[in-house]
Amino acid sequence: MFRGEYEHSLDVKGRTVVPSKYREELGNSFIITIGTSHCLNCYPLKKYEEIERVIDSLPTTPENEKVKRLFFGSSAEVEVDSSGRILIPTKLREYAGFKGSQDDVVFIGMGKKVEIWAKSSHDEYINDYANFDSGIESLAEKIGLSL
C-alpha cells in the first residue's frame, strides 16, 4: 500500500525524483496515466495490467470506447533512471497543470496507486476543505469508522 505525501521538483527536462518509499513497489518501470482532478496516476505494471483487463472487457459502447481511448491513450510506461528519476511525458505534464520546468511536484500515496500533482493544483484542491470534510465523513460512514 502506498502512503504518505512527498514533494520534489521537476527539472528543466520534465524529470522528477520518485520518492524512495514508492520505488520498490512501483518497480524500475511503471505506468503513468491521467487521473481525476487533473492529477496523474501511477500504477505498478501488474496492477495496471489488472485494470487494463477489466477496462478492455467492457462491452463495446460509445461511452466505454471513450473511456478506453482516454485511459489507454494517455498511459505511458516510464523507467526509473539510476538517479531515481522518471521523465513525465509532456502531454501528461500539460494535463496535470505543470506550467513549465522546475515546478514543484507532490506525490501522494493512495493505497494501490500513487498520484502525482503539480503543487499549485494540489494546494488549491487541499485548501478546499469543503471537499475534505464531506469526503472524510462519507468515507467514515461507508466503513463504519468514528472520526
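The values are calculated or read from the model by the stated rules, or taken from the named source; none is laboratory data. Since the model is a prediction, treat every value here as computed from it, not as a measurement. Don't worry about glycine lacking a Cβ; one is built from the backbone with ideal geometry, like all the others, and counts go over all protein chains shown. Ligands, DNA and RNA are excluded from the accessible area calculation, which covers all protein heavy atoms including side chains. Shrake-Rupley method; radii C 1.70, N 1.55, O 1.52, S 1.80 Å.
A few comments on the model shown:
- Under the Debye formula (equal points on every Cα, no solvent term), log10 I(q)/I(0) of the chain at q = 0.11, 0.18 Å⁻¹: -0.46, -1.13
- Portion, in percent, of the accessible area of the chain that falls on carbon or sulfur, probe 1.4 Å: 51 percent
- Ellipticity estimate at 222 nm from DSSP helix runs (n ≥ 4, -39,500 (n - 2.57)) divided over the chain, nearest 500: -12000 deg cm²/dmol
- Here is what passes the span test in the chain: the DSSP H helices with alpha carbon length of 18 Å or more along the helix axis and a Kyte-Doolittle mean of -1.0 or above are 129-143.
- Accessible surface ranking that places the most exposed of 9, 57 first, with a 1.4 angstrom probe: 57, 9
- FRET efficiency for residue 29 and residue 58, using Cβ-Cβ distance with R0 set to 25 Å, rounded to 0.05: 0.45
- Two-site label geometry, residue 76 and residue 6: point separation in nm, points 7 Å out along Cα→Cβ: 2.0 nm
- One chain, two ends: residue 138 and residue 125. Fully extended at 0.36 nm per residue, the span grows by 2.9 nm beyond their Cα-Cα distance.
- Solvent-accessible heavy-atom area per residue, rounded to whole Å², over the chain at 1.4 Å: 62 Å²
- Taken along the Cα-to-beta-carbon direction at a fixed 7 Å, the label points for residue 13 and residue 102 span 1.7 nm.
- Percent antiparallel among DSSP beta bridges (both partners in the chain, rounded to 5): 100 percent
- Note: relative contact order over the chain, using C-alpha pairs below 8 Å and six or more positions apart, is 36 percent.
- Set of lysines with alpha-carbon distance to residue 13 below 26 Å, sequence-local pairs under 8 removed: 21, 91, 99, 113, 119
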